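The values are calculated or read from the model by the stated rules, or taken from the named source; none is laboratory data. All values derive from a computational prediction rather than experimental measurement. A quick note on method: Cβ atoms are made from the backbone with ideal geometry, for glycine too, and the neighbour counts reach across all protein chains shown.
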Amino acid sequence: MFLQLANKYLNPNLSGRYITNSHIEPELKSLKNDFKIITEGKSVQDRNVYSVQVGTGNTKVLIWSQMHGNESTTTKGLFDFFNFLNSEDELALKIKEKYTLLCIPILNPDGAFVNTRVNANDIDLNRDAFDVTQPESKLLRALYIKFNPDYCYNLHDQRTIFGTEGSKLPATMSFLAPSYNVECDFNETRFKAIKIINRINKELQSVIPNQIGRFDDAFNINCVGDYFTSQGTPTVLFEAGHYANDYQRDEVRKFVFISLISSFLDVEKSSGFDNEINEYLNISQNSKCFFDFIYRNVRIIENSEEKIINFAAQFKEELVGDNVDFVAEIIQIDSLEYSFGHIEYDCKGMIFSSSYGNLPKIQEKANFYLNNLLKYSNGLLIL
């Protein structure tokens, strides 16, 4: 049912990986009067940081996206969710009656503009929670104090390198109930976040089975989720990852939508503290086990000796105009026994050659030939 809603309310005006203030501003204007749009402050480079408030319920949830400027998938999913809340759907009306949502669609508009993780001062805002040195960090902290939320949702993208431990599948969505201390203990605050994650996981398993991951919970007081949890606010980290053939992440956004909508479902009776914790811990751990491309059984001639090797390539993102281009670069040679490729080629002992020589080289583009016959361009076999 929720996948149908995700398709129905998908915002067609927001697509691709490059999402900035100029993309979301027309969408903010299209929201109904029960959405309150405020310019909360300015970024380092004087760009607006907007908030969207909707709902009248007693349970308050603070949500922010694009704290890392190049992580736009959750922003698209958030606007799809706004589309849903902008409707007369019965569930949308119930959510607005029960909850008050305060959302920051793009916390780091300077980073979004140049498609970088950091802000204009080269600071990772998700490592500035304790010191609060940046205007965007100060804005978030001020909203947190003023709004006094019952829950926080911290929305991010994760790289294509992550899979779910014990499977050969990508971690398409991952979650974390951040720690509140270095021992990574469980308390009532984390327990409340865990119950939400368990609820989301049940819904997602029906559409992307075994592609839901659990993010590492090592404590870092400089991370926003850890800091807010340490202050007694249950916080849920959302991480949108890779889905097959979806580098623009216009399919993954649907799973972000499903995650958001399912987080606001009526809470089922808890199965108990220990059972909820165990259910959460049974979600597969995120594992760094993927490359965008793996080429297996490639023959090379090195020092007059023939060898069979494997090598991997990864896409590097480059902003060109208003588009993010993906440039495949060779990043690892051999030691790939326990790794998977989103795209894999069995090269069946064919000989490698390229414009830069007869051996693959780290940081070179993945443009090469096999047996001087098969051409690979930007990682892909050209047929």
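Observations on the structure shown:
- Yes/no for A171 being among the aliphatic types (A, V, I, L, M) and either out of contact with any helix residue (DSSP H, G or I) (no Cβ under 7 Å at 6 or more places or on another chain) or closer than 26 Å to M1 by Cα (or both): yes
- Being more than 30 Å from S72 (Cα to Cα), assigned to a strand (DSSP E or B) and β-branched (V, I, T) is a property that I309 has.
- For the stretch 261-299, filtered to residues that are hydroxyl-bearing (S, T, Y) and surrounded by fewer than 16 Cβ atoms within 10 Å (Cβ to Cβ), the residue that is modelled with the lowest pLDDT is S270.
- Any hit, the stretch 200-218, residues being among the aromatic types (F, W, Y) and touching a helix residue (DSSP H, G or I) at 6+ places or on another chain (Cβ under 9 Å): no
- Checked against (1) closer than 24 Å to A193 by Cβ; (2) touching a His at 6+ places or on another chain (Cβ under 6 Å); (3) surrounded by fewer than 24 Cβ atoms within 10 Å (Cβ to Cβ), T160 passes all but a single condition, namely (1).
- Residue ID - nearest to S263 (Cα to Cα), chosen from residues in the stretch 149-171 that are at pLDDT 95 or above, hydroxyl-bearing (S, T, Y) and more than 13 Å from the chain's Cα centre (by Cα): Y151
- Summed over the stretch 196-216, residues that are surrounded by fewer than 16 Cβ atoms within 10 Å (Cβ to Cβ) and not in a loop (DSSP other than H, G, I, E, B) total 2.
- When G57, G16 are checked against the criterion of being part of a loop (DSSP other than H, G, I, E, B), at positive phi and either surrounded by 21 or more Cβ atoms within 10 Å (Cβ to Cβ) or in contact with a strand residue (DSSP E or B) (Cβ under 9 Å, 6 or more places away or on another chain) (or both), G16 stands alone in meeting it.
- Among the residues listed as F228, F255, F219, the single one being surrounded by 15 or more Cβ atoms within 10 Å (Cβ to Cβ), in a helix (DSSP H, G or I) and in contact with a Pro (Cβ under 9 Å, 6 or more places away or on another chain): F228
- Answer residue from the stretch 310-327, given it is more than 11 Å from R296 (Cα to Cα) and of a type in the set (S, T, N, Q) and is surrounded by the fewest Cβ atoms within 10 Å (Cβ to Cβ) among those: N323
- Among the residues of the stretch 31-50, none qualifies, meaning not one is assigned by TED's automatic domain parsing to the domain that holds L78, assigned to a helix (DSSP H, G or I) and within 21 Å of the chain's Cα centre (by Cα).
- Checked against the criteria, D185 does not count as under 19 Å from the mean Cα position of the chain (by Cα), assigned to a loop (DSSP other than H, G, I, E, B) and within 19 Å of I283 (Cα to Cα).
- Residues located in the stretch 26-44, provided they are loosely packed, with under 13 Cβ neighbours inside 10 Å and under 20 Å from D322 (Cα atoms): P26
- All positions within the stretch 76-133 that are closer than 29 Å to N222 by Cβ, in a helix (DSSP H, G or I) and not hydrophobic (A, V, I, L, M, F, W, C): K76, G77, P109, D110, G111, N126, R127
- For beta carbons closer than 8 Å, sequence separation of 6+ or different chains, a first residue in the stretch 158-169 that is outside the structural domain of L204 (by TED's automatic domain parsing) and a second that is assigned to a strand (DSSP E or B), there are no qualifying pairs.
- Just one of the listed residues (Q363, Q332) is outside the structural domain of R117 (by TED's automatic domain parsing) and not in a loop (DSSP other than H, G, I, E, B), namely Q332.
- Residues being buried (at least 16 other Cβ atoms within 10 Å of the Cβ) and without any contact (Cβ under 8 Å) to a residue 24 or more places away in the chain - total across the stretch 328-366: 2
- Scanning the stretch 112-132 for residues that are buried (at least 16 other Cβ atoms within 10 Å of the Cβ) and charged (D, E, K, R) returns R117, D124, D128.
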